[in-house]
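What follows is a set of notes on a single structure, which appears directly below.
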Amino acid sequence: MYGRIRSLFPELKGKLARSRIASVVFRNSKKRRALEGLIHPYVFDRIREELVRARAKIVVAEIPLLFESGFHRLCDCRVVVRAPRSKVIDRLLGKGFGRQEIQERWRAQWPLGEKIRRAEFVIDNSDGLRKTRREAARVWKEIEKRERSTSTHAKRER
């Protein structure tokens, strides 16, 4: 895999660091799609392998480009975490991202409204960690309730 990724970026001399690759792919959508074409199938295969081994009835997978990659079609339930754009930008600036870099990454994603439209649940992450944890717990309880209901229904049909 490394060799195939390396061949996509002949302009990057030396070590292939994520930040260096990002500086290319978020400015060049053709290269981004080529990289995603290599990485997404590999990642999806790994997720599928983990799901087969999972013993839990509910498995959570954090997938940054869930909808953009098409992986949402393989999920029983989709959860989107949202916050106002200004808050997200402030948080990313605090993590060392530059404004230009943030905008380039934002353009590579679906609009938040479209993701929300396709999700079963939305967690509001705009008012701090305590409230976000409460929101996540609420969603988790609802997902568990759905799982119990589905399991009970499936048993009755047998």
What is the magnitude of the charge dipole of the chain about its Cα centre, with +1 placed on the Cβ of each Lys and Arg, -1 on the Cβ of each Asp and Glu, and no other charges, expressed in debye to the nearest 20?
-> 160
Measure of size requested: the Rg and Dmax of the range 71-158, with Cα atoms as the atom set and Å as the unit; please supply both.
-> 16.9, 56
In percent, what relative contact order does the range 1-82 have, based on Cα pairs under 8 Å that are 6 or more apart in sequence?
-> 21
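Of all the Cα-Cα pairs you can form in the range 1-55, what percent are over 19 Å apart?
Numbers: 531 of 1485 pairs.
In whole percent, the long-distance tail amounts to 36.
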At 0.890 mPa s and 25 °C, Stokes D of the range 100-144 from Kirkwood alpha-carbon radius, µm² per second = 199
Just the Cα atoms of the chain: what Rg and Dmax do they give in Å?
-> 18.8, 61
Mind listing the long-range amide H neighbours of residue 78? Cut-off is under 5 Å, sequence gap 5 or more, other chains count too, H placed in the peptide plane at 1.01 Å from N.
-> 120, 121
Once residue 147 and residue 87 are pulled to full extension, the length gained, defined as 0.36 nm per residue separation minus their Cα-Cα distance, is 18.3 nm
Putting +1 on Lys and Arg Cβ atoms and -1 on Asp and Glu Cβ atoms, find which of 63, 132, 111 reaches farthest to the positive end of the dipole of the range 56-158.
-> 132
When the charge dipole of the range 1-55 is computed with +1 at the Cβ of Lys and Arg and -1 at the Cβ of Asp and Glu, the Cα pointing farthest to the positive end, of 23, 37, 1, is that of 23
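No value in this document is a laboratory result; all are computed from the given coordinates. Remember, predicted model here, so these are calculated numbers, not experimental data. Glycine gets a Cβ as well: all are built from the backbone with ideal geometry, and neighbour counts include every protein chain shown.
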